[in-house]
Amino acid sequence: MSLPVHTPLAGTQSGPATDPALDAWRQMNPKQQPSWAGTPEHARVLSELGTLPPLVFAGEVDVLKSRLAAAARGEAFLLQGGDCAETFSAATADRIQARVKTILQMAVVLTYGAQMPVIKMGRMAGQFAKPRSSDVETRGDVTLPAFRGDIVNGYDFTPESRAHNPQRMITAYNTSASTLNLIRAFTQGGFADLRSVHSWNQGFMANPAYHEYEQLAGEIDRAVHFMEACGADFEALKRAEFYAAHEALLLDYERALTRTDSRTGLPYDTSGHFLWIGERTRELDGAHVDFLSKVKNPIGVKLGPTTTGQDAIDLINKLDPEREPGRLTFITRMGAGKIREALPPIVQAVRDAGAQVVWVTDPMHGNTITSKNGYKTRRFEDVLDEVRGFFEVHRSLGTVPGGLHVEMTGDDVAECLGGSDPVVEEQFDSLYETVVDPRLNHAQSLELAFLVAEGLARR
Ligand code: PEP
Ligand code: MN
């Protein structure tokens, strides 16, 4: 079948959107940008990016926004998970599949615990740019530019690798496209069948270290069998919606992928469904807040322990002046020792202003420590304690705990300490792989899902 030549397809137009408001950030001295601006190579890459197809469609982005609106009301729960920094070399079928599998496994457990839909979202297919506290890294007597993520430079500690190379934006786009293609194939092609996901979880439960979750696992098992016995439509359960998210750090890249939606004439950043602003780039008058205030995607803002109630209100007024359901998610990352004091005034201010955001806990970024043998790590106990604090605060204020944001992988790495089948420091020398922050491994991720599900079930 061929389409009539002049029938416009509903979706997103090719070529970058042209509204000059989308470029106001350029005058705002954006933080955390590479040093490549102004080179001919940089200009050539941006114009090439502008001609490439969108990675996601505006219609999908709108569906996600409606799902997040449900999470804000307490009728759905958001699970965001993936690498701190994706790398080009780890974008292999095995690793992508392992991560998607682990997120789907966590989601089944959380769905049962919460008794509501879980919105599944990867820090995937675009999570390539990292903010750094220092522009340089020194090893011995050699100082080189800091690693800023594969979209900017390489991790190898050589001058060639650490040079900022705009061509990497094209590789990031292509790697995102192939990652998304595989995610779509896995989640739409029958791989995500509830019964398969459930049987993977039984594999996890076979390890006696996790016997304390037997009751919950048994309940889920009976629920799946009950549905089967009733003749539930497993065809419908063969597919899962899965969304792609990343930190919108590299504004040139995000701008080049911002397109006009042909249905509405409005700009969407088509580099991913959901974009967030990091803790280091969330100033109210900063470039990142300005740029994201002008695209229609659902967006997140990371909030650390210095955030005030007024900061939160100001961000809402700037990023969600229309109070659009599902538009804004606050991802709090306070640290286990601080969340019970730092979170309540922020949540109270937002509640009292009558605004509705999705409240998500990131129990990773406030709990980073250095191990005795010199690795950047996090304790599973601290991660869990921050999640507990998050639920306690929302319970006491009568607000909605809407989601969980974790750095995790589907592989058996050793980067975070502890868990019931504990990771210990001695394993770091052989099994520590992350290029930036430590991730929960496959088993720690599932264990966290069981513990959060128990908390949700008690809610
Ligand atoms: C991250 O999510 O990897 C990150 C850098 O987080 P934050 O902005 O919260 O520090
Ligand atoms: Mn991180």
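If the condition is being in a helix (DSSP H, G or I) and without any contact (Cβ under 8 Å) to a residue 60 or more places away in the chain, then the stretch 18-43 contributes 20, 27, 40, 43. In the stretch 411-425, the qualifying residues are those that are more than 16 Å from ligand 2 (Cβ to nearest atom) and buried (at least 22 other Cβ atoms within 10 Å of the Cβ), and the one that is nearest to residue 443 (Cα to Cα) is 419.
Applying a threshold of 7 Å to beta carbon distances and a minimum spacing of six or more residues, or different chains, the list of pairs starting in the stretch 356-373 at a residue that is in contact (Cβ under 8 Å) with a residue 12 or more places away in the chain and under 19 Å from residue 327 (Cβ atoms) and ending at one that is part of a loop (DSSP other than H, G, I, E, B) and of a type in the set (A, V, I, L, M) reads 359/400.
Within the stretch 264-313, can you find the residues that are within 16 Å of ligand 1 (Cβ to nearest atom) and of a type in the set (Asp, Glu)? Hits for the stretch 264-313 are 279, 283, 311. Among the conditions (1) assigned to a helix (DSSP H, G or I); (2) surrounded by 17 or more Cβ atoms within 10 Å (Cβ to Cβ); (3) β-branched (Val, Ile, Thr), the only one that residue 313 does not satisfy is (2).
When the residues of the stretch 426-456 are narrowed to those that are of a type in the set (A, V, I, L, M), more than 16 Å from ligand 1 (Cβ to nearest atom) and closer than 23 Å to residue 391 by Cα, which ends up surrounded by the most Cβ atoms within 10 Å (Cβ to Cβ)? Here the answer is 449. Return yes or no: is residue 422 closer than 25 Å to residue 300 by Cα and not β-branched (Val, Ile, Thr)? No, not satisfied. Residue check: residue 45 meets all listed conditions (1) more than 16 Å from ligand 1 (Cβ to nearest atom); (2) buried (at least 17 other Cβ atoms within 10 Å of the Cβ); (3) over 19 Å from residue 152 (Cα atoms) but one, namely (3). Restricted to the stretch 327-342, and to residues there that are more than 16 Å from ligand 2 (Cβ to nearest atom) and more than 21 Å from residue 68 (Cα to Cα), the residue that is surrounded by the most Cβ atoms within 10 Å (Cβ to Cβ) is 339.
For the stretch 347-378, what are the residues that are assigned to a loop (DSSP other than H, G, I, E, B) and within 30 Å of residue 66 (Cβ to Cβ)?
353, 354, 355, 356, 357, 362, 363, 364, 365
Does the stretch 56-76 contain any residue that is away from ligand 1 (no atom under 16 Å from the Cβ), under 30 Å from residue 383 (Cβ atoms), in contact with a Ser or Thr (Cβ under 7 Å, 6 or more places away or on another chain) and among the aromatic types (Phe, Trp, Tyr)? Checking the stretch 56-76: not a single residue is away from ligand 1 (no atom under 16 Å from the Cβ), under 30 Å from residue 383 (Cβ atoms), in contact with a Ser or Thr (Cβ under 7 Å, 6 or more places away or on another chain) and among the aromatic types (Phe, Trp, Tyr).
Per the conditions (1) under 16 Å from residue 453 (Cα atoms); (2) without any contact (Cβ under 8 Å) to a residue 24 or more places away in the chain, the sole criterion not satisfied by residue 223 is (2).
Got at least one residue in the stretch 401-421 being in contact with a helix residue (DSSP H, G or I) (Cβ under 8 Å, 6 or more places away or on another chain), assigned to a helix (DSSP H, G or I) and small (Gly, Ala, Ser)?
no
Considering the stretch 154-174, the residues that are assigned to a helix (DSSP H, G or I) and under 27 Å from residue 56 (Cβ atoms) include one that is nearest to ligand 1 (Cβ to nearest atom), namely 172. Scanning the stretch 119-128 for residues that are within 10 Å of ligand 1 (Cβ to nearest atom) and over 19 Å from residue 65 (Cα atoms) turns up just one, 127.
Mind checking whether some residue in the stretch 47-68 is among the small types (Gly, Ala, Ser), within 16 Å of ligand 2 (Cβ to nearest atom), more than 26 Å from residue 398 (Cβ to Cβ) and in contact (Cβ under 8 Å) with a residue 40 or more places away in the chain? Within the stretch 47-68, none of the residues are among the small types (Gly, Ala, Ser), within 16 Å of ligand 2 (Cβ to nearest atom), more than 26 Å from residue 398 (Cβ to Cβ) and in contact (Cβ under 8 Å) with a residue 40 or more places away in the chain. In the stretch 109-150, the qualifying residues are those that are within 15 Å of ligand 2 (Cβ to nearest atom) and of a type in the set (A, V, I, L, M), and the one that is farthest from residue 272 (Cα to Cα) is 146. Listed conditions (1) in contact with a Gly (Cβ under 9 Å, 6 or more places away or on another chain); (2) more than 16 Å from ligand 2 (Cβ to nearest atom) are all met by residue 279, apart from (2).
For residues that are more than 16 Å from ligand 2 (Cβ to nearest atom) and not aromatic (Phe, Trp, Tyr), tally how many sit in the stretch 69-86. So the count comes out to 10.
So, in the stretch 129-153, of the ones that are over 13 Å from residue 85 (Cβ atoms) and of a type in the set (Val, Ile, Thr), which residue ends up farthest from ligand 1 (Cβ to nearest atom)? Out of the qualifying residues, it is 142.
Looking across the stretch 218-257, just one residue is modelled with pLDDT of 95 or more, of a type in the set (Phe, Trp, Tyr) and either surrounded by fewer than 22 Cβ atoms within 10 Å (Cβ to Cβ) or under 18 Å from residue 198 (Cβ atoms) (or both), and that is 242.
Of all the criteria given as (1) farther than 20 Å from residue 77 by Cβ; (2) part of a loop (DSSP other than H, G, I, E, B), the one not satisfied by residue 325 is (1).
The values are calculated or read from the model by the stated rules, or taken from the named source; none is laboratory data. Quick caveat, the model's predicted, so the values are computed rather than measured. All Cβ positions, even for glycine, are placed from backbone atoms using ideal geometry, and neighbour counts span all protein chains on display.
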